[in-house]
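What follows is calculated from the coordinates using simple rules that are stated; it is not laboratory data. Predicted model only: the values in this text are computed from it and were never measured. Every residue, glycine among them, receives a Cβ derived from its backbone with ideal geometry; neighbour counts consider all protein chains shown.
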Amino acid sequence: MPPVDPAAVLHWFRRDLRLADNPALEWIAEQAAPALFVYLHAPREEAPWMPGGASNWWLHHSLAALGEGLAAQGHSLICVADESAAALIRLCHDHAIRRVTWNRRYEPHLVARDQRVASALHANGIETRTFDDGLLFPPGGLLNRQHAPYRVFTPFWREARKRLIEATSTLNRVPRERLSPHGNGVGVRTQVQDLNLLDPHPWHAKLAAHHTPGEAAAWRRLEGFLGERLQGYPEAREIPGVAGTSILSPHLHFGEIDIRRVVAAALDLTQARPEKSAGGERFLSELGWREFARHILHHFPASDRNALDSRFNEGMWQEDPEGLAKWQRGETGIPLVDAGMRELWRTGWMHNRVRMIVGSLLTKNLGIHWLAGARWFWDTLVDADLANNSLGWQWIAGCGVDAAPYFRIFNPETQAQKFDPKGEYIQRWLGRDHLPSPIVDLKESRRLALERYSAHVKGALRAS
Ligand SMILES: Cc1cc2nc3c(=O)[nH]c(=O)nc-3n(C[C@H](O)[C@H](O)[C@H](O)COP(=O)(O)OP(=O)(O)OC[C@H]3O[C@@H](n4cnc5c(N)ncnc54)[C@H](O)[C@@H]3O)c2cc1C
């Protein structure tokens, strides 16, 4: 083993796959510490939410882009498929390093994993230094007057909005060019392909026509959106047939761009260009939902599997494997729903309004558990994100915080008339395909859903 370099640092990349505005990398640059860069693939540590197929496709290409970005600065990205603690201890030993950095993750099961990893490293004489990232406010950093978590978005956002400038004030302290490579890591090949993230069956080739993972692409998306779409965003974001939203969600999930940077850019534009201020405020509040989702998952760590409104946990949902399979394949016979499910299957992404409509059909008209929908989204979305997905599904099922009331049931036909009046979206994803007869009668299944929900509400009232 070469002699230990006390200044050297190993940085463990996770969902911070970027060089700019990366808190741990800024700290390393400040120290002028020689650094070794590592990505570890240990999906079983993420169980029960191991990344799905579409996420793995994104991850593969994002790591390749990160490797290129590092190579352009004379660094290497070492990719290892192994258990995290063991791999870090071995790498530190092999490269004579005694300090490890990472940016924190907040999914409850990963917080626990990271605590175990830190303990193992400490037991082996390796220091750890971790940083907040991916959030505007650290978990627990926004509480209501009773010092309790907000359960409703509007007051949460009112408070967060007042403090946005403070949340972005830590940006741009040190230019990233000051990162210096750790000698022992130089020349190590980027081995993303060795992680086997890509399914041997090339079903995922179609995703490349719709997305470009990586930091540079994330910046292009942000700049393109702010320049061309922000002004019309409040209206255009509702229309699935037009490209009215930012499609930043996968970039944000993988940490290819810093949420503080996105917020700061939107704030600047909102202040400088009055014609963009309505669009800017709306966009900021959608980013606020992302923040809210993270705080909710932190405060209610079982909300990825249990309804926050416990009245809807037991005996509420129906087993219907056939209905679920038809929903997944976009064969419900209901045009807007089938168009949405096919958009998801072909592109790994689905418009937010359509996510709500397909979610409402699954949980309300078909009465299937919201977790079945959440799991399908988890496998098929390139932006699959535990906090946003759990919040979105609980919201649409009417059982989460600040949820749509259970009696709000989206009618896909009237939604199509309102938000896809010329049928452009439906036409794009269904083309000339002949649809089967609808698998549910929308009116009758709505009536049954209302009965089911209200029976549970009354049952809970009697029990209390
Ligand atoms: C049932 C359901 C499941 C969902 N699952 C996910 C998921 O796994 N991953 C995910 O990122 N989003 C999820 N969402 C939220 C939302 O649909 C997507 O974030 C949005 O469609 C992404 O597109 P965009 O980047 O163009 O959004 P934009 O309209 O451009 O919004 C900008 C950003 O704000 C955030 N955002 C917007 N809407 C929401 C929202 N409702 N909740 C939380 N954050 C939001 C996202 O980070 C998004 O990138 C889900 C919504 C529903 C109803």
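Per residue of the range 330-337, what does 6.51 cos²θ - 1.76 cosθ + 1.60 with θ = phi - 60° give for ³J(HN,Hα)? Whole Hz please, x for Gly and Pro, Karplus curve as stated.
Working through the residues one at a time gives x, 10, 8, x, 10, x, 5, 5 Hz.
Taking each pair of distinct Cα atoms in the range 301-363 once, what is the resulting Kirkwood hydrodynamic radius in Å?
Hydrodynamic radius (Kirkwood, Cα pairs) of the range 301-363 is 13.0 Å.
For the range 226-383, what is the relative contact order in percent, using Cα pairs closer than 8 Å and at least 6 residues apart in sequence?
19 percent
What distance in nm separates the simple spin-label points at H109 and V242, each placed 7 Å from Cα in the Cβ direction?
Calculated label separation equals 4.1 nm.
Could you bin all the Cα-Cα distances of the range 310-463 into 5 Å bins starting at 0 and give me the percent of pairs in each, rounded to whole numbers?
2, 9, 20, 23, 21, 14, 7, 3, 1, 0, 0
Any chance you could give the angle, 0 to 90 degrees and rounded to 10, that helix 386-397 forms with the longest Cα principal axis of the chain?
Value to nearest ten degrees: 10.
Kindly state, to the nearest 0.05, the FRET efficiency for N144 paired with H210, given R0 = 45 Å and r defined as their beta-carbon distance.
0.65
Go ahead and estimate [θ] at 222 nm for the chain from helices alone: -39,500 (n - 2.57) per DSSP H run with n ≥ 4, summed, over the residue count, rounded to 500.
-14500 deg cm²/dmol
Considering the range 1-94, what Rg and Dmax in Å follow from its alpha-carbon atoms?
14.1, 42
Jot down the per residue volume, in cubic angstrom and as a whole number, of the convex hull over the alpha-carbon atoms of the chain.
Spread over its residues, the Cα hull of the chain gives 155 Å³ apiece.
Taking every pair of alpha-carbon atoms in the range 1-157, what share in percent sits in each 5 Å bin, from 0 to the bin with the longest distance?
The distribution over the range 1-157 is 2, 8, 16, 19, 20, 15, 9, 6, 4, 1, 0, 0, given as percents.
If amide H atoms are built 1.01 Å from N in the plane of the peptide, which residues on other chains or at least 5 residues away come under 5 Å of the amide H of I78?
F37, V38, Y39
Can you count the Lys pairs in the chain with C-alpha separation below 27 Å, eight or more apart or on different chains?
15
Which distance in nm do the two modelled labels at R346 and H93 give, with both placed 7 Å along the Cα-to-Cβ direction?
5.2 nm
Each residue of the range 201-208 in order: what ³J(HN,Hα) in whole Hz does its phi give by Karplus 6.51 cos²θ - 1.76 cosθ + 1.60, θ = phi - 60°, with x for Gly and Pro?
Here the 3J(HN,Hα) series is 6, x, 4, 7, 4, 5, 5, 5 Hz.
Ranked by Cβ crowding within 10 angstrom, fewest neighbours first, how are K422, K206 ordered?
Going from least to most buried by this count: K422, K206.
Please state, rounded to one decimal and in Å, the Kirkwood hydrodynamic radius that the range 257-306 gives when every pair of distinct Cα atoms enters the mean of 1/r.
12.1 Å
Please turn the phi angles of the range 352-357 into ³J(HN,Hα) values with the Karplus equation 6.51 cos²θ - 1.76 cosθ + 1.60 (θ = phi - 60°), one per residue in order, whole Hz, x for glycine and proline.
4, 4, 6, 4, 5, 5
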